[in-house]
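First up is the structure itself, then whatever we jot down about it.
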Amino acid sequence: MSARPASLLVIFGATGDLAQRMLLPSMYGLYRDGLLPADFRILGTARSELDDDAFRASVAEALDRRVAAGDRDEASVQRFLAAVHYQAAAIDDAAAAQALGARIQSLRSGDVVYHLSTAPRFYAPICALLGAVGLAGPGTRVMLEKPIGHDLASAIAINDGVTRVFDEARVFRVDHYLGKEGVQNLLALRFGNALFEPLWNARHVEQVQITVAETIGVEGRGDYYDHSGASRDMLQNHLLQLLCLTAMEPPAHFDPSAVRDEKLKVLRSLRPITAAEVASHSVAGQYSAGAVEAIAVPGYRDELGRGSDTETYIALRAHIDNWRWSGVPFYLRTGKRMPRRCTEIYLQFRAVPHSIFKGSGARMNPNALIIKLQPEEQIELTLMHKVPWLDRSGLKLSQVTLDLDVHDAFAQTRRRLAYERLYLDAIEGNGTLFVRRDETEAAWQWIDGILDGWRAQGVTPKAYPAGTWGPSSSVALTERHGHSWRE
Ligand code: BG6
């Protein structure tokens, strides 16, 4: 899609935590580096009755807290604040909505991007409202935060409501993992090098593990989180997107249709996990009190202040039923209050078909490629190497690691927030790193199957102490098949 760069960003939910923590600091980063059109404006909107000055003061505070001192300067902060505006509005208040429309109209000098960073139930009503006041026509686009709904049915209802007003090409569904450098580098690694592709399939890969482990708990977001759990909060979106980028066929081009068509094929090839299989293919966990990084932390229910059967950990043994991946298990796991923060993809290759070093007692580990996405960005390839030694009874081998530290390799380049990339793309109308409707619905369909299975089988989460790698049954998920989680 070729669009003119937008010159107005309207953030719905502008006083919320995400806006203050990520969205406004990201826009400042783009602004400071001169990446936005000269006349660019930001209009924040939310229910709180603030005026421009009060909102600017909160933005100034957010920049102070969230942008490293070396990445900001007073002159550009002041210029940025002057480009920021605020209009209070409640979606159910017709007069306020009219006033918001008038404000958008007065600030608009070209294309507009609306970013809905509110609860998803407001997405369709906000779009309807923008349509009703004539502000959703050509030259406007809408960004939607995850989660799109709670299950397939609610996602369809939201998508129907949104696309009644904005055609699909103008809908930009955000999965902030796609804005991360490390995640985009997965594409570069796979499709910018000839080395890996011949090995990237069931003939050579024994197993794949995708881990998104967090040390944080629910951080005051209990009401939202308790309604979602790890399956809806992380698996349906971030983990499945990582799975898609890891497993997809090479797209013909790096463009929105080609990339998203290939991701969709992966989602549609995911073997459903039926009610009969949930016990052997999935594990749900919930953290109890424990210690993370040597600090004592309460259990999930204590944090929440009530009883709950919501899972804060999920692990799965998934299969992609296509030619490339037939028979290769994809172990997926994500959890809160894990021992350390880490997002990584681990491909273990098959063992050598025959060892010529058998007699010497040398232990052979299969090769592995480990793509670490955060907190550090690192690519590791494990190899067997001879131990330097004059041993007459044969060669001794030991595992060594070829290690590329991406931060060191690009030390001069500032690591950008994921939203900087995503905002720039939405402003310029490039949807490659956004999630298409059919992707999000295919992902929900697969997740719904698992959650239905849990309900049918009465699966409730097993407790795991905070600061551990999930319930003990997650070990059996892999060990039963001769595999082990990487820890
Ligand atoms: C969000 C989830 O989408 O991603 C949070 O709602 C989670 O629960 C967060 O903590 C993790 O993002 P990141 O960028 O810190 O890995």
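The values are calculated or read from the model by the stated rules, or taken from the named source; none is laboratory data. All of these numbers come straight from a predicted model, not from anything done at the bench. Here the Cβ is made from the backbone with ideal geometry for all residues, glycine too, and neighbour counts use every protein chain on show. SASA here: full protein model, heavy atoms, side chains in, ligands and nucleic acids out. Shrake-Rupley method; radii C 1.70, N 1.55, O 1.52, S 1.80 Å.
What to note about this one:
- Shape descriptor for the range 247-339: Rg over Rh equals 1.13 (Cα atoms; Rh from the Kirkwood inverse mean 1/r).
- Applying a DSSP loop filter and a limit of 12 other Cβ atoms within 10 Å to the chymotrypsin sites (Phe, Trp or Tyr not before Pro) in the range 404-468 leaves 410.
- Dipole of the range 306-405, positive direction: furthest Cα of 404, 315, 387, with charges on the beta-carbon: 387
- Value of relative contact order over the range 37-194, rounded to a whole percent, pairs C-alpha under 8 Å and six or more apart: 19 percent
- Amide H contacts of residue 207: 348, each under 5 Å away and 5 or more positions distant or on a separate chain (H built 1.01 Å from N in the peptide plane; Pro and chain starts excluded).
- The stretch between residue 65 and residue 295 holds 80.4 nm of extra length on full extension. This uses 0.36 nm per residue minus the Cα-Cα distance.
- Placing +1 on the Cβ of every Lys and Arg and -1 on the Cβ of every Asp and Glu, with no other charges, gives the chain a dipole of roughly 1200 debye about its Cα centre.
- Relative contact order, percent, the range 325-411 [alpha-carbon distance under 8 Å, six or more residues apart]: 24 percent
- With the charge dipole of the chain set up from +1 on Lys and Arg Cβ and -1 on Asp and Glu Cβ about the Cα centre, the Cα lying farthest toward the positive end among the listed residues 184, 471, 7 is that of 471.
- If R0 is taken as 35 Å, the Cβ-Cβ distance between residue 276 and residue 487 corresponds to a FRET efficiency of 0.70.
- Accessible area, probe 1.4 Å, largest first, for residues 407, 319, 227: 227, 407, 319
- Calculated over the range 357-416: convex hull of Cα atoms, volume per residue (Å³): 79 Å³
- Cut-off 18 Å, label 7 Å out along Cα→Cβ of residue 99, residues of the range 47-84 by amide N: 47-56
- Ranked by how many other beta carbons lie within 10 Å on average, peptides 347-356, 330-339 from highest: 330-339, 347-356
- Taking the accessible area of the range 128-242, probe 1.4 Å, and keeping the other protein chains in place, the carbon and sulfur fraction comes to 56%.
- DSSP H segments from the chain that extend 27 Å or more along their own axis, Cα-based, with Kyte-Doolittle mean of -1.0 or above: 437-457
- When each of the peptides 44-50, 22-28 is scored by the mean number of other C-beta atoms lying within 10 Å of its residues, the order from highest to lowest reads 22-28, 44-50.
- Peptides 252-264, 302-314, 176-188 ordered by average Cβ neighbours within 10 Å, highest first: 176-188, 302-314, 252-264
- Accessible area in square angstrom per residue, the range 264-394, 1.4 angstrom probe: 49 Å²
- Aspartates and glutamates whose Cα lies under 14 Å from that of residue 462, excluding same-chain neighbours fewer than 8 positions away: 309, 311
- The length gained on full extension between residue 194 and residue 387, counted as 0.36 nm times the residue separation minus their Cα-Cα distance, comes to 66.5 nm.
- Contour excess over end-to-end distance, with Cα ends at residue 457 and residue 376 and 0.36 nm allotted per residue: 25.2 nm
- Alpha carbon Rg of the chain, scaled by the compact-globule rule 2.2 N^0.38 Å: 1.05
- Between residue 415 and residue 90, the modelled labels are 4.2 nm apart [label points 7 Å from Cα along Cα→Cβ].
- Among the protein heavy atoms of the range 1-40, carbon and sulfur supply 53% of the accessible surface, probe 1.4 Å, non-protein parts ignored.
- Note on residue 53 and residue 438: their simple-model spin labels are 5.4 nm apart, each label 7 Å out from Cα toward Cβ.
- Helix content alone sets the calculated 222 nm mean residue ellipticity of the chain: runs of n ≥ 4 DSSP H residues at -39500 (n - 2.57) each, divided across all residues, give -10000 deg cm²/dmol.
- The mean sequence separation of alpha-carbon pairs under 8 Å and at least six residues apart, normalised by the residue count of the chain, gives a relative contact order of 19 percent.
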